[in-house]
Structures are given as structure tokens and as C-alpha cells.
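For reference, the structure discussed in these notes is given below.
The values are calculated or read from the model by the stated rules, or taken from the named source; none is laboratory data. Remember, it's a predicted structure, so these values are computed and weren't measured experimentally. Virtual Cβ from ideal backbone geometry, glycine too; neighbours counted across all protein chains shown.
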Amino acid sequence: MKQVLIPCLCLCLFVFGCKSSESLSVSKTMDQAEAQLEYSLQNHTDKTKYPRSVKEDGNLYTVNSSDWTSGFYPGSMWFMYQYTQDEKWAQTAAEWNAALEKEKFNTKTHDLGFMLYCSFGNGLKFTENATYAQILLQGSQSLIKRFDPTVGTIRSWDFGNWEYPVIIDNMMNLEMLFWATKYSGDSIFYKVAVKHADTTLENHFRSDNSSYHVIDYEKATGKVKAKKTHQGFSDESAWARGQAWGLYGFTMVYRETGDKKYLEQAEKIADFYLNHPNLPEDMVPYWDFDAPDIPNAPRDASAAAVAASGLLELGRYSLKGVTYYAAAEKILNSLSSDAYLAKPGTNQGFILMHSTGHMPNKSEIDVPINYADYYFLEAMLRYKMLMPNR
Ligand code: GLY
């Protein structure tokens with residue numbers, strides 16, 4: 001089915017692209033992003049402190065390798081290498097990867113996929129560096145230590161008053177596990193990833209196909225104790241980035257397994273997201289679809305970037321591909337406009353403006369954030385694969 005769909009979709013996209021009134025210029029946007037990354041590197045030389053965001057006082061907010069966002073900065077450089085094929089980007093990305101290696105033994109976080117697969121995983125894709133494969137394999141072994149067979153998931157957090165919390169974001173960390181089975185031949189990683197996806201599918205979604213942020217499980221039985229939020233407006237609201245993580249995550253699990261139920265789930269999430277009455281005209285969502293102060297609520301460009309990248313992959317597999325492609329193109333057009341794309345030399349070196357990290361915590365509101373930049377670059381490169389002449 002996939003083989004038949006892809007050429008058909010490419011033809012549709014070509015026809016659509018020719019008729020599209022909005023013309024997205026990948027080269028113009030990527031050139032601007034490259035200039036901005038260069039500016040960031042000129043101003044920031046400590047390769048153990050990863051730029052994450054901007055503080056309230058306007059200064060750069062950097063984090064250590066153990067932060068969940070540490071891999072996105074080198075990951076963005078690997079994307080720049082993919083785009084430019086300029087060895088200087090591979091060299092710089094490798095230098096920024098280095099301090100992350102020790103996290104391969106970190107069993108205190110579920111975010112090893114974000115931290116290691118976006119950095120070393122991207123490096124491996126573009127350079128076939130065997131050392132990176134060993135780091136990713138060790139990281140995968142560390143990650144599955146957080147899997148509990150009774151609950152049927154990888155545990156998300158060790159902090160807070162939760163008994164056994166699992167967040168929708170955790171879907172994103174499964175990609176490294178699928179890679180680990182392909183690389184090592186050991187099916188344990190694949191089995192953990194599939195079980196985690198199945199348990200998430202069963203418990204994280206509402207009847208309208210939006211997702212809860214956190215499911216807290218009873219550890220002894222695996223029963224659901226509570227369905228809550230942490231970063232959303234309320235327990236029953238649809239936190240925008242959570243919807244985007246789910247969309248991207250289930251699309252990826254379909255790619256890795258070929259099981260249609262994951263494709264159907266990804267389509268349901270995409271349809272909830274794209275048809276939501278509170279999705280603004282420019283398709284960059286408010287931080288929560290149910291934020292009380294819409295239309296004055298802050299936007300979340302990071303959710304838009306993750307969704308665009310997910311939609312571009314989902315479009316390859318779905319019969320609704322042209323719709324998803326058109327939506328992604330519109331999102332990328334918005335993010336490439338002056339409203340979101342920072343001028344080189346501004347925005348503390350980050351590519352995009354206007355993301356929201358943790359509204360209930362009153363932190364990272366309407367700021368640049370490194371994962372917005374990472375998924376924006378990935379989406380632009382996915383778009384370029386489909387439309388090479390843009
Ligand atoms: N994974 C944490 C977040 O999306 O903010």
C-alpha cells in the first residue's frame with residue numbers, strides 16, 4: 001500500500017504545488033536559518049551548555065547535557081549539514097554531540113530518545129559513525145530499564161506526587177528503540193516500544209481523539225489511577241504540543257511497525273488538530289486549544305513545527321495525504337514569515353519566535369525554544385524531499 005501511495009501522492013503534491021498560491025521557499029528560509037545558527041555559535045562557545053531558550057531578563061537560557069532538550073541544538077546542526085552538505089556543519093555538530101555521550105547511562109529520564117536520537121541518531125544517519133551506534137544502543141538499554149511490564153509502559157517522571165506517570169510526549173522516545181532492534185537484532189527494544197504505544201493508545205485518548213497529557217498508573221496492577229495535565233490548561237483540555245507529540249509519535253510507530261491501527265490513530269489526532277475551531281487562521285496553535293483567553297492566548301510555534309513535520313510524514317502513508325500536506329505547507333509558510341522567523345542576529349540566535357514551554361509553571365511563555373527550531377528544520381527538509389524545486 002505504501003509503495004502505491006507514495007508515487008500517487010507525489011503526483012498529487014506536484015499538481016497541488018503548481019496550483020498553490022502560497023509559495024514556500026525552502027532555500028530562502030534555510031539560508032536565513034543557517035545564518036542564525038552561525039550567529040548563535042559565534043556568541044556561544046561552551047560546548048557543555050546547550051542553548052534552550054531565553055530567560056525573562058532576555059539572556060540566553062542554557063542547560064546541561066542531562067536536560068531533556070540538550071540534543072536539539074546539535075540535532076539542528078546535523079539538519080544544517082543535511083541541507084548544505086558543508087563539512088563544517090558535521091564537524092560542529094560532532095563537537096556539540098560530545099558532551100552528551102555520558103547520558104547514555106542515564107536511567108533517571110524517559111527523554112533519552114530526544115537527547116540521544118536527535119543528536120547521535122541524526123549524526124549516524126548522515127555520517128554512519130559506528131561510535132554513535134554504540135552510544136545509541138547503550139542509551140536504548142538505559143531507556144528500557146524504565147519499562148514496567150505490569151503497567152506496560154516506560155515510566156515518564158520520577159518527580160512529583162505521581163505513582164507511575166506516563167506522558168503523551170513519551171511516544172517520541174520510542175523511535176530510538178525501534179532503531180536499536182534493527183541495529184542489534186535484539187527484539188526487546190521493539191517489544192517495549194510497541195507495548196508502550198499500545199498502552200498509550202488504550203488510555204491516553206478521549207472520545208474526540210484529543211489526548212490527556214499525563215496518565216498516572218497504579219504500579220502494582222497497571223490500572224489507570226488518574227488522567228491529568230501538567231503543562232496544559234486543565235485536566236480535560238487539549239494541550240497543543242501534546243497533540244503534536246501524539247500525531248508525530250503514532251505516525252512514526254506506524255512507519256516502524258506497518259500496523260494500521262497506529263496510522264488510524266495518527267489520522268484521528270491530525271483531524272482533531274486541523275479541524276479544531278480554535279486553530280488560528282495561520283495554523284500556529286494557541287498553547288492549549290482550550291486556553292481561556294483565546295484569541296489573546298500565547299501561541300506555541302513548537303507545537304506547530306512538530307505538527308508540520310508529523311503531517312509531512314503522515315501524508316506519505318494516508319489516503320488523506322494531500323490534505324495533510326496542504327496543512328503542513330500552510331504551517332511552514334506561517335513559520336517562515338516575519339511573524340515567526342527571526343532575523344539573523346536577533347532572538348538570541350534561535351530560529352523561531354513565539355513558543356510556549358510551560359504556561360502553568362509561568363515559564364517559557366512566548367519565547368524561542370530549541371525544539372521548535374529542531375522540528376522546524378526537520379519539517380523544512382521533509383518538505384524539500386517532496387518538493388525538491390522549492
Ligand atoms: N516534553 C516536554 C514538553 O513538551 O514540554
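Quick notes on this structure:
- Search result, residues across region 163-172 that are within 15 Å of the ligand (Cβ to nearest atom) and either closer than 21 Å to LYS219 by Cα or touching a Lys or Arg at 6+ places or on another chain (Cβ under 7 Å) (or both): PRO165, VAL166, ILE167, ILE168, ASP169, ASN170, MET171
- A single member of SER302, SER355, SER336, SER363 is away from the ligand (no atom under 15 Å from the Cβ) and among the hydroxyl-bearing types (Ser, Thr, Tyr), and it is SER336.
- Selection count where residues are of a type in the set (Asp, Glu) and surrounded by 20 or more Cβ atoms within 10 Å (Cβ to Cβ), scope region 147-169: 1
- Any chance SER76 is more than 17 Å from TRP179 (Cα to Cα), hydroxyl-bearing (Ser, Thr, Tyr) and in contact (Cβ under 8 Å) with a residue 40 or more places away in the chain: yes
- Applying a threshold of 7 Å to beta carbon distances and a minimum spacing of six or more residues, or different chains, the list of pairs starting in region 102-122 at a residue that is under 24 Å from TYR81 (Cα atoms) and of a type in the set (Asp, Glu) and ending at one that is surrounded by 24 or more Cβ atoms within 10 Å (Cβ to Cβ) and modelled with pLDDT under 95 is empty.
- Scanning region 124-154 for residues that are in contact with a Lys or Arg (Cβ under 6 Å, 6 or more places away or on another chain) and within 15 Å of TRP68 (Cα to Cα) yields a single hit, GLY139.
- Hey, TRP68 on the phi < 0 side of the Ramachandran plot, touching a Ser or Thr at 6+ places or on another chain (Cβ under 9 Å), surrounded by fewer than 23 Cβ atoms within 10 Å (Cβ to Cβ) and modelled with pLDDT of 95 or more or not: yes
- Subset of region 234-261 [within 14 Å of the ligand (Cβ to nearest atom) and among the charged types (D, E, K, R)]: ARG241
- Selected residue [in a strand (DSSP E or B) and away from the ligand (no atom under 16 Å from the Cβ)] from THR62, THR45, THR107: THR62
- Taken residue by residue, region 207-223 has no member that is free of Cβ contacts under 8 Å to residues at least 40 places away in the same chain, away from the ligand (no atom under 16 Å from the Cβ) and either assigned to a helix (DSSP H, G or I) or within 25 Å of GLY121 (Cβ to Cβ) (or both).
- Against the conditions (1) surrounded by 24 or more Cβ atoms within 10 Å (Cβ to Cβ); (2) touching a residue at least 60 places away in the same chain (Cβ under 8 Å); (3) within 16 Å of the ligand (Cβ to nearest atom), GLN231 satisfies every one except (1).
- Count of residues meeting criterion [within 13 Å of TYR383 (Cα to Cα), crowded, with 23+ Cβ neighbours inside 10 Å and in contact with a Ser or Thr (Cβ under 8 Å, 6 or more places away or on another chain)] in region 284-314: 2
- Members of region 350-381 that are surrounded by fewer than 24 Cβ atoms within 10 Å (Cβ to Cβ) and assigned to a helix (DSSP H, G or I): LEU381
- For the condition closer than 26 Å to ARG241 by Cα, assigned to a loop (DSSP other than H, G, I, E, B) and either at pLDDT 95 or above or more than 15 Å from the ligand (Cβ to nearest atom) (or both), SER156 qualifies.
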